[in-house]
């Protein structure tokens, strides 16, 4: 495991500056009891049920780091539809001594918009070199969703970087999730830091990672085997005939 200094050490919610803690997004389960988050390892996972606020939290951290809300590097400044919360305005970031040489915010739900923006920028005449080749030999829109996701991570992520991923497994088959896990490990060994919101029991298996559950009482650290993702997947695969009878059987 990479033991190099982390680029982002801590995120603190300045609760005393929030005008109304009862409104969205401060009333989300992940935010209601949120005081702050300290990063101790190169890979940190945020897990939780749909609607718990894990994607809202990772989005706010990304925006506070000056990434585009819809995804991309810090150089992306397009805005398809303003939909991100104002949570980022109330976060205080504590950075490490070392600065990342690379960075990216990847969110599954708006990745199509990022690929479209890359094509738009490359179509604009000017002296700037084209962006698309840094994502691989094939245009992102000419690949399947899963292929383009993996092409991004394999070609655009250069290492010594800070990467935020929001549900990257959304477009990936189990085999490609394992390929992503392998690439993540190579990047961690190259002094990178990851913050990932995910439902994937495959991605969560990365050894030595911090796993935090978004819970109404705050963020709770847990082991891989304690996560609902691992337990439900294990139980289903080990007892799927009985599980199917329970789920699909007639009353």
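The values are calculated or read from the model by the stated rules, or taken from the named source; none is laboratory data. Note that the structure is predicted; figures quoted are calculated from it, not measured. Please note: Cβ atoms are built from the backbone with ideal geometry, for glycine as well, and neighbour counts cover all protein chains shown.
Within the bounds of region 219-242, is there any residue that is loosely packed, with under 12 Cβ neighbours inside 10 Å, within 18 Å of the chain's Cα centre (by Cα) and in contact (Cβ under 8 Å) with a residue 12 or more places away in the chain? No: region 219-242 contains no residue that is loosely packed, with under 12 Cβ neighbours inside 10 Å, within 18 Å of the chain's Cα centre (by Cα) and in contact (Cβ under 8 Å) with a residue 12 or more places away in the chain. Annotation note: Cβ proximity below 6 Å between a residue of region 59-74 that is at negative phi and a residue that is at pLDDT 90 or above and part of a loop (DSSP other than H, G, I, E, B) (sequence gap 6+ or interchain) occurs for 74/66; 74/67.
Just a yes or no: is a residue in region 183-191 in contact with a helix residue (DSSP H, G or I) (Cβ under 7 Å, 6 or more places away or on another chain) and either within 23 Å of residue 37 (Cβ to Cβ) or at pLDDT 90 or above (or both)? Walk me through it before giving the result.
Quick first cut of region 183-191, residues in contact with a helix residue (DSSP H, G or I) (Cβ under 7 Å, 6 or more places away or on another chain) only: 183.
In the following step, the residues that additionally are either within 23 Å of residue 37 (Cβ to Cβ) or at pLDDT 90 or above (or both) were identified as 183.
Within region 183-191, one or more residues are in contact with a helix residue (DSSP H, G or I) (Cβ under 7 Å, 6 or more places away or on another chain) and either within 23 Å of residue 37 (Cβ to Cβ) or at pLDDT 90 or above (or both).
Residues of region 89-109 that are surrounded by 19 or more Cβ atoms within 10 Å (Cβ to Cβ) and within 16 Å of the chain's Cα centre (by Cα): 103, 104, 105, 106, 107, 108. Inspection of region 220-237 finds no residue satisfying the criterion of being in a strand (DSSP E or B), modelled with pLDDT under 95 and within 23 Å of residue 105 (Cα to Cα).
Within region 32-39, can one find any residue that is under 19 Å from residue 161 (Cβ atoms), in contact (Cβ under 8 Å) with a residue 60 or more places away in the chain and crowded, with 16+ Cβ neighbours inside 10 Å? The answer is yes; a qualifying residue exists.
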